[in-house]
1. If the chain between residue 217 and residue 104 were fully stretched, how many nm would it gain, using 0.36 nm times the residue separation less the Cα-Cα distance?
2. Relative contact order for the range 82-202 using alpha-carbon pairs under 8 Å, separation at least 6, rounded to a whole percent?
3. Take the Cβ-Cβ distance between residue 198 and residue 18 as r, set R0 to 45 Å, and report the resulting FRET efficiency rounded to the nearest 0.05.
4. Rounded if a/c is under 1.5, else prolate if a/b is larger than b/c, else oblate: which is the range 152-248, with a ≥ b ≥ c the root eigenvalues of its Cα gyration tensor?
5. I want to check the label-to-label distance for residue 187 and residue 169. Put each point 7 Å from Cα in the C-beta direction and report it in nm to one decimal.
6. Provide 207, 122, 105, 237 in ascending order of the number of other Cβ atoms located within 10 Å of each residue's Cβ, fewest first.
7. At 0.36 nm per residue, and after removing the present C-alpha to C-alpha distance, how many nm does the segment from residue 227 to residue 25 gain when stretched out fully?
8. As an exercise, use a Förster radius of 25 Å and the Cβ-Cβ distance of residue 68 and residue 161 to find the FRET efficiency, rounded to the nearest 0.05.
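No value in this document is a laboratory result; all are computed from the given coordinates. Computed from a predicted structure; not experimentally measured. Neighbour counts run over all protein chains shown; Cβ positions are idealised from the backbone, glycine included.
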């Protein structure tokens, strides 16, 4: 949808920029704040793609705070402590939630070059698309190792470096803008880390009203937009003043 009618907005699909933004330009763009189009990011490593192996060999040291502000925020979490029994119980629950998240079918799921596809993880851990089917239960040894990994994450409070690393993939917007503004940067993550994160978030219960559309099953943002347009149309037909607002 586009503004008040259907269509591609101001997109020009026949126009392709002559040059793509460099990694340095993306780094400067991501340093900006959210309202400016960035994410207040910090550069912790800069090299050619061929040298990505050196970055991975940094292991957990690559996740150290690059600035004093982030270091102060991390210092507030130093009091994190769990016993072995608590970590094992939480790890077992995380394993069940991760397998459940993997069972949801999603089409067109892209992965970074270093990650296994989601279908492979699903086959190895659950052995089937549906949890109700118990003909195949996946690899018992891999399931045991993975559950121990989730227990270790709970015990240490740290995730593997690969789970905190994304592969930036720029997609053209076709809006005749130059530089990074003409692209939408997609971040490809390891499917198993996304499933684990989804399992963590599903444990939290959010208060959603009857008019909520975000994070509600069988409801989409397009439905909310269509309802707003219908309401605006009826108010105009009744010669009433309509006021549109967007709540984030």
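1. Details: separation 113, 0.36 × 113 = 40.68 nm, distance 1.29 nm.
Result: 39.4 nm gained on full extension.
2. For the range 82-202, the relative contact order is 36 percent.
3. Details: r = 39 Å, r/R0 = 0.87.
Calculated value: 0.70.
4. Working: a/c = 3.81, a/b = 1.55, b/c = 2.46.
The shape class here is oblate.
5. Modelled inter-label distance: 1.6 nm.
6. By the 10 Å Cβ count, ascending, the order reads 207, 237, 105, 122.
7. Numbers: separation 202, 0.36 × 202 = 72.72 nm, distance 3.99 nm.
Stretched fully, the residue 227-residue 25 segment lengthens by 68.7 nm.
8. On the way: r = 22 Å, r/R0 = 0.89.
Between residue 68 and residue 161 the formula returns 0.65.
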